[in-house]
Amino acid sequence: MTPKRTAILISGRGSNMRALIEAEQDTYEVVLVISNRPDAPGLDVARALGVEGLAIDHKPFGADREAFERAVDAALRARDVELVALAGFMRVLTPTFVRRWQGRLVNIHPSLLPKYPGTRTHARALEAGDAEHGCTVHLVTEEIDAGEILGQARMPILAGDTPETLAARVLQLEHALYPRCLADYACERLRGGP
Ligand code: GRF
C-alpha cells in the first residue's frame, strides 16, 4: 500500500514535527511542512530532514482568515496531500477549512482531553491539584480540542512540579504518542476506514 501523503502545519520550533518525520514508516510520508511564521525554526529542521518547508505568512492576509487558509489549502492540494497533522500550529482554523479536511485533520494537545482544552494546560492541571497529566492526539472538528480522541499518554504529577517541568515531561510523551497515533490512523484510512 502507498503511504498517506501527509503535511504538517507548524508555527514554531517543530519538535513534534521532527518526531513525526523521523518516525515515519510505511503508513504515512511527510511531503510538506507549512509554517504561518516565516521565521519558525521548524522550517529549517524540516528542510534539513529532506522535507519541503513552505512559509505562508498569515500577516499579509490581515483579518481574512479564510484567504490565508485558501492559500494553505491550495498548497496542500497542489501536492496531493491526504492527511494534515497540526503540530504547534498557533492559528485557530475556520469551520470552512475544518469541514474541507474533516476526518483528515489531526492535532496534538498537551492535556488529557476533555480536561483543559485551550491554553495554559500545565498550569491548570497544577492549580486543580490533579494527580496525573498528559497529552492527547485527536481529530480536529469545529469545536476546539473536542474531536474524536485517537490516543492519550499519561504520567504522574510529582511534588515540586511547575508548569515548566510538566511541559518538558509532557513533550517527551508527545514525541512518542503522535507518531504512533498518526501511523495507526493512516493505517486505518489505508484499509478504507473513515
Ligand atoms: C506542543 O506542546 C503541542 O502539544 C502544542 O504546542 C507545542 C508545540 O511544540 N500544541 P513543538 O513546536 O512541536 O515543539
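Report, by residue number, each residue of the stretch 121-150 that is in a loop (DSSP other than H, G, I, E, B) and either among the hydrophobic types (A, V, I, L, M, F, W, C) or without any contact (Cβ under 8 Å) to a residue 12 or more places away in the chain (or both).
Of the stretch 121-150, the ones in a loop (DSSP other than H, G, I, E, B) are 128-131, 140-148.
The answer is Ala128, Gly129, Ala131, Val140, Glu143, Ile144, Ala146, Glu148.
Only one residue in Asp80, Asp57, Asp73 is more than 13 Å from the ligand (Cβ to nearest atom), farther than 19 Å from Leu182 by Cβ, of a type in the set (D, E, K, R) and open to solvent by 30 Å² or more (accessible area, probe 1.4 Å). Which one? Before the answer, list the steps.
Numbers: Asp80 fails: farther than 19 Å from Leu182 by Cβ; Asp73 fails: open to solvent by 30 Å² or more (accessible area, probe 1.4 Å).
Result: Asp57 is the single residue among Asp80, Asp57, Asp73 that is more than 13 Å from the ligand (Cβ to nearest atom), farther than 19 Å from Leu182 by Cβ, of a type in the set (D, E, K, R) and open to solvent by 30 Å² or more (accessible area, probe 1.4 Å).
Would you be able to say whether some residue in the stretch 91-98 is free of Cβ contacts under 8 Å to residues at least 40 places away in the same chain and either polar (S, T, N, Q) or open to solvent by 40 Å² or more (accessible area, probe 1.4 Å) (or both)?
Taking the stretch 91-98 as the starting set, the residues that turn out to be free of Cβ contacts under 8 Å to residues at least 40 places away in the same chain are 94, 96-97.
Then drop every residue that is not either polar (S, T, N, Q) or open to solvent by 40 Å² or more (accessible area, probe 1.4 Å) (or both), which leaves 94, 96.
Among the residues of the stretch 91-98, at least one is free of Cβ contacts under 8 Å to residues at least 40 places away in the same chain and either polar (S, T, N, Q) or open to solvent by 40 Å² or more (accessible area, probe 1.4 Å) (or both), which makes the answer yes.
Considering only the stretch 61-68, I want to know if a residue exists there that is within 13 Å of the ligand (Cβ to nearest atom) and surrounded by 15 or more Cβ atoms within 10 Å (Cβ to Cβ). Write out each step before concluding.
Filtering the stretch 61-68 for residues within 13 Å of the ligand (Cβ to nearest atom) gives none.
No, the stretch 61-68 has no match at all.
Go over the candidates Ala159, Ala167 one by one and state the one that is more than 15 Å from the ligand (Cβ to nearest atom) and out of contact with any Lys or Arg (no Cβ under 8 Å at 6 or more places or on another chain). Before you say what the answer is, go through the steps one by one.
Numbers: Ala167 fails: more than 15 Å from the ligand (Cβ to nearest atom).
When all the criteria are applied, what remains is Ala159.
With a cut-off of at least 3 residues that are farther than 19 Å from Thr96 by Cα and under 18 Å from the mean Cα position of the chain (by Cα), name the helices (runs of 4 or more DSSP H) lying wholly within the stretch 1-79.
Numbers: elements: 15-23, 41-48, 65-78.
Once the helices (runs of 4 or more DSSP H) in the stretch 1-79 are filtered for at least 3 residues that are farther than 19 Å from Thr96 by Cα and under 18 Å from the mean Cα position of the chain (by Cα), what remains is 15-23, 41-48.
If you take the residues of the stretch 4-26 that are away from the ligand (no atom under 13 Å from the Cβ) and at pLDDT 95 or above, which of them is farthest from Leu76 (Cα to Cα)?
Going residue by residue through the stretch 4-26, those that are away from the ligand (no atom under 13 Å from the Cβ) are 4-7, 23-26.
Within this subset, residues satisfying the condition of being at pLDDT 95 or above are 4-7, 23.
Details: Lys4: 13, Arg5: 10, Thr6: 9, Ala7: 7, Ala23: 21 Å.
Per the criteria, the residue is Ala23.
The values are calculated or read from the model by the stated rules, or taken from the named source; none is laboratory data. Since the model is a prediction, treat every value here as computed from it, not as a measurement. Heads up, the Cβs are rebuilt from the backbone with ideal geometry, glycines too, and the neighbour counts pull from every protein chain shown. Remember, those area values only see protein heavy atoms, side chains included, never the ligands or the DNA or RNA. Shrake-Rupley method; radii C 1.70, N 1.55, O 1.52, S 1.80 Å.
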